[in-house]
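The block underneath contains the structure these notes are about, expressed in structure tokens.
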Amino acid sequence: MADALPAHPLAHPDLERLARRDAQATLAEDVGSGDLLAHVGEPDAPVRARLVTREACVLAGRPWAEAALAACCGEAEAEAECSWLGEDGEAFEAGALLAAITAPAAALLAAERTMLNFLQLLSGTATAARQIA
């Protein structure tokens, strides 16, 4: 892993609130009244997932990914854990493990597409910005 960018001095003080708002709006559009795949198997059974990058990238979007998972967990939020192996702004090589996630099966299935969409968009932007800079 390469050096992380320093924290931006103008970081938004309401980042977590904004991430929750964005995640809830996106989930309302993506999942709507329910995710059909979330009903497969045992919805409350804990499952594990690994988040691996296909390409070299600069990680960005952790608050949005975490907010999407928390929104899908509802009352089971305490049962979800997202262990990141780096901070936003940190560079990763292709094939690197970004995070290990444990959550109830239904919550993770409902959240995974939204989590990945946020991470891909924001990490792609951060990666391009790093290359230009």
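For the reader, a short list of remarks on this structure follows.
Yes/no matrix, rows are residues, columns are (1) within 16 Å of residue 19 (Cα to Cα); (2) open to solvent by 20 Å² or more (accessible area, probe 1.4 Å); (3) without any contact (Cβ under 8 Å) to a residue 24 or more places away in the chain:
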| site | (1), (2), (3) |
| --- | --- |
| 48 | no, yes, no |
| 58 | no, no, no |
| 67 | yes, no, no |
| 72 | yes, yes, no |
| 75 | no, yes, yes |
| 100 | no, yes, no |
| 103 | no, no, no |
| 106 | no, yes, no |
| 133 | no, yes, yes |
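- Verdict on residue 79 being more than 22 Å from residue 129 (Cα to Cα) and among the charged types (D, E, K, R): yes
- From 112, 93, residue being over 23 Å from residue 20 (Cα atoms) and out of contact with any Leu (no Cβ under 7 Å at 6 or more places or on another chain): 93
- Residues of segment 81-93 satisfying the condition of being surrounded by 13 or more Cβ atoms within 10 Å (Cβ to Cβ) and either outside any loop (DSSP other than H, G, I, E, B) or modelled with pLDDT under 90 (or both): 81, 82, 84, 91, 92
- Meets criteria (buried (at least 20 other Cβ atoms within 10 Å of the Cβ), touching a strand residue (DSSP E or B) at 6+ places or on another chain (Cβ under 9 Å) and among the polar types (S, T, N, Q)) for residue 123: yes
- When segment 34-67 is limited to residues that are aliphatic (A, V, I, L, M) and touching a Lys or Arg at 6+ places or on another chain (Cβ under 9 Å), the one that is modelled with the lowest pLDDT turns out to be 67.
The values are calculated or read from the model by the stated rules, or taken from the named source; none is laboratory data. A quick note: this is a predicted structure, and the numbers were derived from the prediction, not measured. Cβ sites come from the backbone with ideal geometry, for glycine too, and all protein chains shown count toward neighbours. What goes into the accessible areas is simple: the full protein's heavy atoms, side chains included, and nothing from ligands, DNA or RNA. Shrake-Rupley method; radii C 1.70, N 1.55, O 1.52, S 1.80 Å.
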